[in-house]
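Chemist: Right, I'll just put the structure down here and ask away after.
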Amino acid sequence: MFEPSYYRRCQCKGPLKDKKGNPVLDADGNPKIGSIGTTCPKLAKGHGTWNFYFELEPAEGGTRQRVRRGGFAKLEDAKKKAREIYDAAMAGGDVLSDEKCGDFFLRWIEAKKSLARTTRHGYEKHINNCLLPHLGHIKCRDPSRFGTSTRWTTRSRRRTPSGSSTGCMSTSSRRSATPRAGPG
């Protein structure tokens, strides 16, 4: 049952209040200042960003699994992302994981026990030189996206603005692409 809750939130700071609306005081009797989040009076005027949360099925032992995301400029964007995350969770993805992509890549290569030495070396080189510097710090909320069916290659390929692919060329294609000097 997919029933997300949507709300606006901001990062404004102000005097904190308890549930009855009374100011929260510190040890000296001064009002505490902190993030007022969902109680900001400017939220009704389009201030802040859209957030959502929803509950997944309880985990083993009955612990709650609440998915929270925020920072959306439009309500429609929040609804779209909530549906996307819910669908990923129902497909078996771990949407609550805080694992970073770098940790996943290292765990993935460590789990590959039956790789040839040169294949392992190529994979490790690609992970260390290409993937970790660019993706290693990003949270990988759905590690199944990078499952073991992913094809890894030791050849680096990238797209040029014209749409053609560049990368390593074999010796035979390099020979045929090199213009030969004619007689004379």
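The values are calculated or read from the model by the stated rules, or taken from the named source; none is laboratory data. Since the structure is predicted, the reported quantities are computational estimates derived from the model, not experimental observations. Positions of Cβ are backbone-derived with ideal geometry, glycine not excepted, and every protein chain shown enters the neighbour counts. Keep in mind that these areas ignore ligands, DNA and RNA; they rest on the heavy atoms of the full protein, side chains included. Shrake-Rupley method; radii C 1.70, N 1.55, O 1.52, S 1.80 Å.
Chemist: Check whether at least one residue in the range 146-157 is closer than 30 Å to Y53 by Cβ, under 15 Å from the mean Cα position of the chain (by Cα), outside any loop (DSSP other than H, G, I, E, B) and modelled with pLDDT under 70, and report yes or no. Write out each step before concluding.
Modeler: Taking the range 146-157 and keeping what is closer than 30 Å to Y53 by Cβ, we get 146-147.
If we keep only those that are under 15 Å from the mean Cα position of the chain (by Cα) as well, we get 146.
Next, only the ones that are outside any loop (DSSP other than H, G, I, E, B) stay: 146.
With modelled with pLDDT under 70 added as a condition, the list becomes 146.
Yes; the residues of the range 146-157 include at least one that is closer than 30 Å to Y53 by Cβ, under 15 Å from the mean Cα position of the chain (by Cα), outside any loop (DSSP other than H, G, I, E, B) and modelled with pLDDT under 70.
Chemist: Just for the range 25-47: of the residues that are in contact with a strand residue (DSSP E or B) (Cβ under 9 Å, 6 or more places away or on another chain) and surrounded by fewer than 10 Cβ atoms within 10 Å (Cβ to Cβ), which one is farthest from P15 (Cα to Cα)?
Modeler: The selected residue is G46.
Chemist: Could I ask something else about it? Within the range 48-65, does at least one residue satisfy the condition of being under 17 Å from the mean Cα position of the chain (by Cα), surrounded by 12 or more Cβ atoms within 10 Å (Cβ to Cβ) and among the small types (G, A, S)?
Modeler: no
Chemist: When you go through G21, G14, G71 one by one, which is the residue that is farther than 23 Å from K139 by Cβ and at pLDDT 85 or above?
Modeler: Numbers: G21 fails: at pLDDT 85 or above; G71 fails: farther than 23 Å from K139 by Cβ.
Going through G21, G14, G71 in turn, just one is farther than 23 Å from K139 by Cβ and at pLDDT 85 or above: G14.
Chemist: Can you pull out every residue in the range 92-118 that is open to solvent by 50 Å² or more (accessible area, probe 1.4 Å) and assigned to a helix (DSSP H, G or I)?
Modeler: Within the range 92-118, D103, L106, R107, E110, A111, R117, T118 meet the criteria.
Chemist: Starting from the range 79-94, keep only residues that are more than 19 Å from R8 (Cβ to Cβ), then list their pairs with residues that are among the hydroxyl-bearing types (S, T, Y) and open to solvent by less than 90 Å² (accessible area, probe 1.4 Å) whose Cβ atoms are within a distance under 7 Å, requiring at least 6 positions of separation or different chains.
Modeler: Pairs that qualify, where the first residue is more than 19 Å from R8 (Cβ to Cβ) and the partner is among the hydroxyl-bearing types (S, T, Y) and open to solvent by less than 90 Å² (accessible area, probe 1.4 Å), are G92/S144; G93/S144.
Chemist: Give me a count of the residues in the range 15-24 that are free of Cβ contacts under 8 Å to residues at least 12 places away in the same chain and either open to solvent by 60 Å² or more (accessible area, probe 1.4 Å) or assigned to a helix (DSSP H, G or I) (or both). Step through it out loud before you land on a result.
Modeler: Filtering the range 15-24 down to residues free of Cβ contacts under 8 Å to residues at least 12 places away in the same chain leaves 18-24.
Next cut, either open to solvent by 60 Å² or more (accessible area, probe 1.4 Å) or assigned to a helix (DSSP H, G or I) (or both) only: 18-20, 22-23.
Here the count works out to 5.
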